[in-house]
1. What single numbered condition from (1) farther than 15 Å from residue 129 by Cβ; (2) part of a loop (DSSP other than H, G, I, E, B); (3) in contact with a strand residue (DSSP E or B) (Cβ under 6 Å, 6 or more places away or on another chain); (4) modelled with pLDDT of 90 or more fails to hold for residue 67?
2. Report yes if some residue within region 48-61 is under 16 Å from the mean Cα position of the chain (by Cα) and either at negative phi or modelled with pLDDT of 85 or more (or both); otherwise report no.
3. Is at least one residue of region 80-91 in contact with a strand residue (DSSP E or B) (Cβ under 6 Å, 6 or more places away or on another chain), in a strand (DSSP E or B) and modelled with pLDDT of 90 or more?
4. Name the one entry in 70, 83, 65 that is closer than 28 Å to residue 213 by Cβ, in the same structural domain as residue 132 (by TED's automatic domain parsing) and in contact (Cβ under 8 Å) with a residue 60 or more places away in the chain.
5. From the residues in region 22-43 that are surrounded by 10 or more Cβ atoms within 10 Å (Cβ to Cβ) and either more than 27 Å from residue 111 (Cβ to Cβ) or touching a helix residue (DSSP H, G or I) at 6+ places or on another chain (Cβ under 7 Å) (or both), which one is modelled with the highest pLDDT?
6. Only one of 28, 113 is more than 19 Å from the chain's Cα centre (by Cα) and not assigned by TED's automatic domain parsing to the domain that holds residue 202; which?
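The values are calculated or read from the model by the stated rules, or taken from the named source; none is laboratory data. Because the structure is predicted, anything quoted here is derived from the model rather than measured. Here the Cβ is made from the backbone with ideal geometry for all residues, glycine too, and neighbour counts use every protein chain on show.
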């Protein structure tokens, strides 16, 4: 289980549900049993659409092979966690499908295509489950801003400080302080300076990683 803690995001960033929901829809006993069986046997990754307004796990469509930024972020987080713990070098190719668990936290059950960069880019199917925890009430959201220039990165770990950088980057608990320049002002596209603090925490359980992110615009 990977976990990302971030600002609230709007549902407009995600593809359409497989079918529209109605508050009048409800499951009969046979449908409820089948719904729970699919969750139990697939761990939430292969669940058909069932009418459960406001709660439950729902399949989403991927339109024209388009992967929304936030979904790609969760996919890469799952791969990063696996690579960090297994010593592999899997890279995201694209998302096949994903199921969305409504509620708090929001849960993503993602099935994706990945390439093994250390094995002639051999392709494989990878599944990851991530959770998103809103931590403050603001009007800001995760946005698709690609840094134009990384200006400075400072890394803080619990280690002694004598380890080489290659080992520090694999630390199970670390805080990164970053400053970068980005086309972040809409609609002008003006370049702004940003600062970010990223905290990674691992509890020792296989597949578990927690990522806390805070980012803000500095003085241009």
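1. Residue 67 satisfies all of (1) farther than 15 Å from residue 129 by Cβ; (2) part of a loop (DSSP other than H, G, I, E, B); (3) in contact with a strand residue (DSSP E or B) (Cβ under 6 Å, 6 or more places away or on another chain); (4) modelled with pLDDT of 90 or more except (4).
2. yes
3. Yes, that holds for at least one residue.
4. Of the residues listed, the single one that is closer than 28 Å to residue 213 by Cβ, in the same structural domain as residue 132 (by TED's automatic domain parsing) and in contact (Cβ under 8 Å) with a residue 60 or more places away in the chain is 70.
5. 27
6. Going through 28, 113 in turn, just one is more than 19 Å from the chain's Cα centre (by Cα) and not assigned by TED's automatic domain parsing to the domain that holds residue 202: 28.
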